Amino acid sequence: MSSQSRLCPACGIRNKATWELCVRCGEPLKGLPEVELAPAIKRVEGVAEPGFSPLATALQFVILVGLGAYVLGWWRETPSAPNPNAFTFPAVEPQPSPAAPKGTAEDAYQEAYGLLRRGEAARAIALLTQAVAEAPGNALYRSALGKALLASGAQEEGERQLEEASRLDPSNVSYVGDLGRALEKAGKTDDAARAYERGLAAQPGHTLLVDELAHLYLRAGRFDRALPLLSQLAQAKPDDLTLRQDLAHALDVSGDTAAAADQYRLILDRLPEAAVTRGLLAEVLFKQGRGDEALALFSEGLERQAGNPLLYRGQASLLERSGRAKEAIAAYREYARVAPNAPDAKDLAARADALEARLVRVARGQ
């Protein structure tokens with residue numbers, strides 16, 4: 001007898017039509033077509049034997065086309081990295097967890113997911129606790145319970161459940177990422193780093209885990225540890241300009257200004273309108289004693305982007321530090337004119353006035 005179900009596009013397992021998430025990998029099922037598997041046999045005088053059914057074949061073709069379109073659409077819309085501020089069950093890169101036993105644990109998990117979406121955390125935690133008790137080896141249930149506990153303020157127990165999920169299924173990078181971010185948010189930077197290291201031991205060189213660990217070290221100001229990881233990422237993702245700028249910043253702070261300048265130039269070669277990068281490169285050149293080159297960068301930028309306030313502000317600061325007060329006054333005032341609502345617009349306009357008053361006093365010999 002056939003039954004209505006939904007096929008998971010990530011791992012291929014059949015799920016009940018009423019479930020919102022795949023019981024194996026956590027993939028969303030909402031919106032997937034409900035399928036009824038037709039028998040691929042024909043009956044001749046009550047005897048079942050292999051055969052060809054045009055209706056069944058056509059139905060299977062429609063189902064496959066529909067699922068293919070859904071999977072393609074899902075892949076195009078899925079972000080390359082998880083949003084750390086969102087409560088999401090699907091993995092960043094969905095990978096199968098061990099198959100869950102049939103029974104009430106699955107139903108409890110599905111019901112809990114619906115409750116969490118409605119903000120009923122307490123009831124959801126009770127159901128997820130039930131699911132974990134009935135299937136203690138299921139990493140997906142552990143992960144869901146851990147995130148629900150964290151959302152309710154139960155930090156220590158939430159961390160424990162996330163750590164258990166990552167232990168049960170170390171190949172699922174989303175479990176490692178969830179644990180690492182939870183530990184970092186709690187101020188446990190070293191513990192978070194160790195969690196990522198364990199994940200990398202299970203999956204050496206995994207780009208998402210390397211990225212998480214590199215930026216953990218960046219945020220912690222541990223540039224010596226961030227640098228080799230950022231260099232590794234830059235080789236793996238040469239077109240990621242944001243990553244390259246992070247690498248340049250780490251090089252600059254670590255004292256390797258020449259390498260930092262090279263990285264900033266690579267970005268500007270590909271994206272000349274990157275005003276922030278232009279300013280950072282100018283600062284590196286100024287530290288190297290190449291003030292004229294630094295100021296030329298701002299002039300070139302303003303030729304490309306006349307009226308860009310960031311360029312006027314950076315130019316004004318550099319002019320003042322170079323002893324070119326008159327030009328600095330004009331640049332500060334131009335910044336205040338083009339960005340009158342900027343938080344520092346009034347302060348920099350006042351600085352221009354103060355510089356001008358100082359020049360007048362010097363001219364009068366005071």
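The values are calculated or read from the model by the stated rules, or taken from the named source; none is laboratory data. From a predicted model like this one, the values you see are computed outputs, not experimental measurements. Please note: Cβ atoms are built from the backbone with ideal geometry, for glycine as well, and neighbour counts cover all protein chains shown.
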Exercise for the section: For region 162-173, indicate whether the set of residues that are of a type outside the set (G, A, S), under 14 Å from L213 (Cα atoms) and assigned to a helix (DSSP H, G or I) is non-empty. Expected result: yes
Exercise for the section: Identify the residue in region 292-309 that is of a type in the set (D, E, K, R) and over 18 Å from L271 (Cβ atoms) and, among all such residues, is surrounded by the most Cβ atoms within 10 Å (Cβ to Cβ). Expected result: E293
Exercise for the section: For L295, state whether it is aliphatic (A, V, I, L, M) and farther than 30 Å from N341 by Cβ. Expected result: no
Handout entry: Matching residues, region 116-142, being closer than 14 Å to S152 by Cβ and among the β-branched types (V, I, T)
Key = I125, T129
Problem - Given (1) over 29 Å from the mean Cα position of the chain (by Cα); (2) touching a residue at least 24 places away in the same chain (Cβ under 8 Å); (3) crowded, with 18+ Cβ neighbours inside 10 Å, number of the condition G279 does not satisfy - result: (1)
Problem - Scan of region 200-221 for residues that are more than 13 Å from D246 (Cα to Cα) and more than 13 Å from the chain's Cα centre (by Cα), ordered by number - result: L200, A201, A202, Q203, P204, G205, H206, A220
Practice task
Look at L179 and say whether it is of a type in the set (A, V, I, L, M, F, W, C), buried (at least 21 other Cβ atoms within 10 Å of the Cβ), at pLDDT 95 or above and more than 26 Å from G137 (Cβ to Cβ).
Solution key: no
Handout entry: Options A105, A139: the member that is in contact with a Ser or Thr (Cβ under 7 Å, 6 or more places away or on another chain) and of a type in the set (G, A, S)
Key = A139
Practice task
Would you mind stating whether G314 is loosely packed, with under 15 Cβ neighbours inside 10 Å, without any contact (Cβ under 8 Å) to a residue 60 or more places away in the chain and among the small types (G, A, S)?
Solution key: no
Exercise for the section: Return yes when Y264 is farther than 26 Å from E164 by Cα, among the hydroxyl-bearing types (S, T, Y) and outside the structural domain of G180 (by TED's automatic domain parsing) and no when it is not. Expected result: yes
Handout entry: Candidates K287, K326, filtered to the one that is of a type outside the set (D, E), touching an Asp or Glu at 6+ places or on another chain (Cβ under 9 Å) and within 27 Å of A234 (Cβ to Cβ)
Key = K287
Practice task
Please go through region 182-196 and pick out each residue that is farther than 14 Å from A214 by Cβ, charged (D, E, K, R) and outside any loop (DSSP other than H, G, I, E, B).
Solution key: K185, D190, D191, R194
Exercise for the section: Would you please list the contacts, defined by Cβ atoms under 6 Å and residues six or more apart or on different chains, that run from a residue in region 155-170 that is touching a residue at least 12 places away in the same chain (Cβ under 8 Å) and in the same structural domain as R198 (by TED's automatic domain parsing) to a residue that is surrounded by 16 or more Cβ atoms within 10 Å (Cβ to Cβ) and not in a helix (DSSP H, G or I)? Expected result: D169/S97
Practice task
Could you check G153 against (1) closer than 22 Å to E111 by Cα; (2) assigned to a helix (DSSP H, G or I) and say which number it fails?
Solution key: (2)
